[in-house]
Amino acid sequence: MVEQKSGFCSEIMGLILKLKFYLQIIIVFLLPVILFGQEFKPGLAIPFKGYKDSATVYSMQEIIDSAQPGDVINLKPGRYTGPGKISINNLTINGLHCAEITVDGKGSIFYIQADSVRLVNLKITNSGHSHDKIDCAVSIRGNYNIIENCLITDCLFGIDLQDAQNNEIIHNEICSKNKDKAMQGDAIRLWYSFSNKIQHNYWHNVRDMVVWYSEENLFEGNLGVGNRYSIHFMYSHNNRIQNNEFYDSSVGVFLMYSERTIMVGNTIVRSSGPTGICLGLKETSNNQILNNRFIYSSQGIYFDTSPFVLEKKNIIENNEIAFCRVGIQFHSNLYGNVLRKNQFIGNLEQVAVRGKTANGNKWESNYWDDYQGFDQDYDNIGDTPYQLLDYVEHLWSTNQNVKFFYGSPVLVILDFLERLAPLSQPKLILEDEAPIFELE
């Protein structure tokens, strides 16, 4: 009878654990779609309708040359040849979802060297192939311009901003040429450009989206799919990355020598491959990484010499890091990061360190799904600290051949024996003194 009760209890516990696991999957993957899916609408607000084929081809430059500042040009349905060089201020060109502008594979299509220009509801296609000349759909060298609801296809680079301030790039769809990834161009490029808004765009089949020497820009509500870098920052400070979604990229967001970034409410999924990273921080300080979701990737967050200035702490708070090969990877012994109220769920390794320890950072009130303590006073804080100890993890963290057998009976037994009767003192990777006991 005792054996029957014991077996029944084991079955019940097994069922509870399975239900908990499936509930975690629902929370991680489905609940955000149910709650927020209707609000997230990147790309074209109104689709391109097309036009009837005609022998008539219009000259974009002739139309621009006949315009005056303040004019609104509503294009007829049809095909227009560029390039279109705009040097007068306060000009609007509206394609009414039926006008296509092309240069037949030679050079860039629009050159804006003016202020307060609006390009809306156009299809811009078939730029040149030169990386040196940055052949693109739209080249901007002015301020307060708006590129809105444009379909950009078969263009090496999408939109290139250089020394351009207070521009708005809104609700565009951008696709590069059908080349190998390294030979494609970038969706949007910012070079020494400030206070621009990049909102609700959809880029796919492009190489990167890059930001160099540019500050105080807003990147909000964008969708990137299948890129190398979804957004790559270099020497760019005080930018805000908010409510974007990036899927199937090699790297989601990379902050390189870029400080005071606020990154909040983003979702990055399936950054796979040997170098796959949802978020990378290299020699960067004083950033706030808040309320993001890093899911099903090779590495959730990668730290390399960050913070670069010890007194300027990086705050990593309330992020969900789930189903990754490594939740957080430290390139070496690092100090000065504050990691609190994050959720570590279903990762193959929660934290890995290419060095001695990650305990020089502050770990506070995180949820660890492999926590083995209790909560006897029901305050949802573990009664004992969460400690990540290195027993035999170094075998698979340093040897890819051994890592292939992670989870196999041999390594499970080795790990169990080391924990049961360690031959030497295990290495303390980190300690969270007040771990969250259960997700609410």
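For THR92 and LEU417, the FRET efficiency from 1/(1 + (r/R0)^6), where r spans their Cβ atoms and R0 equals 51 Å, is about 0.10. The calculated FRET efficiency for HIS131 paired with LEU428, based on their beta-carbon distance and R0 = 51 Å, is about 0.55.
Most simply put, segment 57-432 has about 5% antiparallel DSSP beta bridges, counting only bridges with both residues inside it.
Applying the Karplus relation 6.51 cos²θ - 1.76 cosθ + 1.60 with θ = phi - 60° to segment 410-418 yields 3J(HN,Hα) values of 5, 6, 4, 5, 4, 5, 5, 5, 5 Hz, where x marks Gly and Pro.
Summing Lys and Arg as +1 and Asp and Glu as -1 over all other residues whose Cβ lies under 15 Å from the Cβ of HIS237 gives a net charge of 0. Dividing the mean sequence gap of close Cα pairs (under 8 Å, 6+ apart) by how many residues the chain holds gives a relative contact order of 7 percent. Highest average first, the peptides 302-314, 341-353, 70-82 ordered by how many other beta carbon atoms sit within 10 Å of their residues are 341-353, 302-314, 70-82.
Between VAL402 and GLU311, residue separation times 0.36 nm minus the direct Cα-Cα distance comes to 28.9 nm. Which of rounded, prolate or oblate describes segment 62-110 when judged by the alpha-carbon gyration tensor and an a/c cut-off of 1.5? Oblate, since a/c reaches 1.5 and b/c is not below a/b. The calculated P(r) of segment 57-432, using every Cα pair and 20 Å bins from 0, goes 28, 46, 21, 5, 0 in percent.
Any read-out appearing in this document is the output of simple, stated calculations on the displayed coordinates, not a laboratory observation. Worth saying up front: this structure is predicted, and the values here are computed from it rather than measured. Cβ coordinates were reconstructed from backbone atoms using ideal geometry, including for glycine residues, and neighbour counts include every protein chain displayed.
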